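This report refers to the structure that appears directly beneath it.
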Amino acid sequence: MRAAGIATFSIVTLLAVLFLFPLYVAVLMAFKSAKETFDSFYALPARLDFANFAHAWQTSDYPKAILNSAIVTALSVALIVIASALAGYAIARRNKPFYNFVFLLFLSGMMVPFQVTMLPLYKLGKSLHLINSHWGIALVYGGFGVQMGVLFFAGFVRGISREIEEAARIDGCTTPGIFFRIVLPLLKPVTATVAVLNVLYIWNDFLLPLLYLQDKHFRTIPLQQYYFFGQYSSDLNLAFAYAVMGMIPIVAFFLFMQRFIIKGIAAGAIKG
């Protein structure tokens, strides 16, 4: 038993090192000068120098980029959560062939790679004047994220007892009232899960902003970082410093939301 525990601990430690190694390299490069990087890529810097962070902040308009990322992420996640909760509730509570077909239609959308729809989405966005618009890219993110959201919300609603809703209906509550007053507060755990997964994806996404946010005033954090690499030169240290600054808000958000996800998993385990 002890040998099995040691083996499990060793495997988990090895996996943790593998996952944390890219973060180690990013932080390391952010504090090193170009000469130190050229001399030894993985060596520790001689001293902690914040010059790369200051330079990256000044040359790339970091406040504007992080504001764009925050606006796009907030709009997209709000659309995903609202649409997914409403659709998931309708599908879970109306177990009819039409709703089952709609549910399968949502799931089938998860199998289509983004690269297949990339060119049609760009042409559609250009024809509808959605390029270089926060709402334009948020609508696209909402269309892609609602598929997974419906899967999560429909599964969670099926685990909620119908007796609560029937009691509210007897008291004269309408279907919208039942959803917003009774069901929606019970969906906090799955809402937190859907929100965190989509925030992590949208905040770090590069390809869709590259297509839809071509104006420099709308660039997000990953897109702005891309412009540190030119045709004939690239500044790795500034790029990594910028990446570390972009990680701080999303890591803080994940650490804050983690307790809500853990509560949701625990509550689901107790209900089961």
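All of the numbers you see were taken from the coordinates with simple rules; none came from a lab. The model shown is predicted, which means the values in this text are computed figures rather than measured ones. We place every Cβ from the backbone using ideal geometry, glycine too, and count neighbours over all the protein chains shown.
Shape analysis of the stretch 42-92 places it in the oblate category; the axes a ≥ b ≥ c from the Cα gyration tensor give an a/c of at least 1.5, with a/b not above b/c. Computed over the stretch 1-158, the P(r) curve from all C-alpha pair distances, binned at 5 Å from the origin, holds 1, 7, 10, 10, 10, 10, 12, 12, 11, 8, 4, 2, 1, 0 percent per bin. Protection proxy ranking of 50-57, 37-44, by the mean of other Cβ atoms within 10 Å over each peptide's residues and highest first, is 50-57, 37-44.
Database remark: amide H of Leu213 closer than 5 angstrom to the amide H of Asn132 (H placed geometrically; neighbours at sequence offset of 5 or more, or on other chains; Pro and chain starts carry no H). The GNM of the chain, with springs linking C-alpha atoms under 10 angstrom apart, assigns the highest mean-square fluctuation among Ile164, Ile91, Ile202 to Ile164. Note that the stretch 105-122 has calculated 3J(HN,Hα) couplings of 5, 4, 5, 5, x, 5, 8, 8, x, 4, 4, 6, 9, 4, 5, x, 5, 5 Hz, one per residue in order, obtained from phi through the Karplus relation 6.51 cos²θ - 1.76 cosθ + 1.60 (θ = phi - 60°); glycine and proline are x. Past 29 Å, Cα to Cα, is the threshold; run Lys96/Lys126; Lys96/Lys123; Lys64/Lys188; Lys126/Lys188; Lys126/Lys216 against it and keep the listed order. As for pairs spanning more than 29 Å Cα to Cα, those are Lys96/Lys126; Lys96/Lys123; Lys64/Lys188; Lys126/Lys188.
Within the shell of other residues whose beta carbon sits under 14 angstrom from the beta carbon of Thr37, the net charge comes to -2, with Lys and Arg scored +1 and Asp and Glu -1.
Compared with the dominant principal axis of the Cα atoms in the chain, helix 236-271 is inclined by about 30°.
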